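The values are calculated or read from the model by the stated rules, or taken from the named source; none is laboratory data. Being a predicted model, the structure only gives us computed values, none of them experimental. Cβ sites come from the backbone with ideal geometry, for glycine too, and all protein chains shown count toward neighbours. Quick note on the areas: whole protein, heavy atoms, side chains included, nothing else; ligands and nucleic acids left out. Shrake-Rupley method; radii C 1.70, N 1.55, O 1.52, S 1.80 Å.
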Amino acid sequence: MGGELIMDAAQLDAALWALGRGTGVVSLVALTLSIVLGVLTRSGRPLPGLPRFSITLLHRNLSLIACVFLVIHIVSLFFDSFAQLTLLDLVVPFFGNFLPFWQGLGTVAVDLLIAVMVTALLRNRLGLRTFRVVHWLVYAMWPVALAHGIGNGTDGTSPWFLWLAAVSVLLVVASVVWRVSSRFVEFSGLRVTGLPDPVLTISSRESR
């Protein structure tokens, strides 16, 4: 009986560890695509076969998917005895027992994401300027999350993950370089009142 219980506990830990690894990768991929689509949304340019408002909705949905899978990632590792996470580790970085520096980077990324999500939910009260300033934290959070995945993840140095990381870096860097370049023309959006989610009416704003 005791041996069976030990085996069951080991199998549960292995399942939680696999779930934590998988959801972490999915969250990173969704966040990467969300950043790229966020830049595309600000430009107002459509993708082939997709209208502009669909890109906006896809950007938001991918952001939500990233958050959902991140929550599953954290919860699964919290109950995994091998990860040895505590409640303190979820909010305060660099105090963990397992690879504290790399684990702490994950905590920093989560803290930054929480700040971005809270301001997104409260942007009507905080104002658009504050929302945009805090939203730029995404560009600081993403490389921290990627470094966490490489340094702390079981598959962090696997060839397939390094290739995934390289492609992700290429996409994000290209998007950010375009975003801050003089050739980037930002489009403004108008909120339609009375709806639960913002619906953007895209209109071009010529650079002066």
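Points worth noting:
- Note on F82: accessible area approximately 110 square angstrom, rounded to 10, probe 1.4 Å, nucleic acids and ligands left out.
- For the set F53, F184, F78, F94, solvent exposure ranked by accessible area (probe 1.4 Å, protein chains only) runs largest to smallest as F53, F94, F78, F184.
- Distance in nm between pseudo-label sites at V92 and I114 (7 Å out along the Cβ direction from Cα): 1.3 nm
- In the context of the full set of protein chains, residues of the stretch 76-189 present 58 Å² of accessible surface per residue (probe radius 1.4 Å, heavy atoms only).
- Estimated translational D of the stretch 89-129 in µm²/s (Stokes, Kirkwood radius over Cα pairs; 10 °C; 1.306 mPa s): 142 µm²/s
- Per-atom-type breakdown for the stretch 78-143 gives carbon and sulfur 73% of the accessible area (1.4 Å probe, protein chains only).
- Counting only heavy atoms of the protein chains and using a 1.4 Å probe, R123 has close to 60 Å² of accessible surface.
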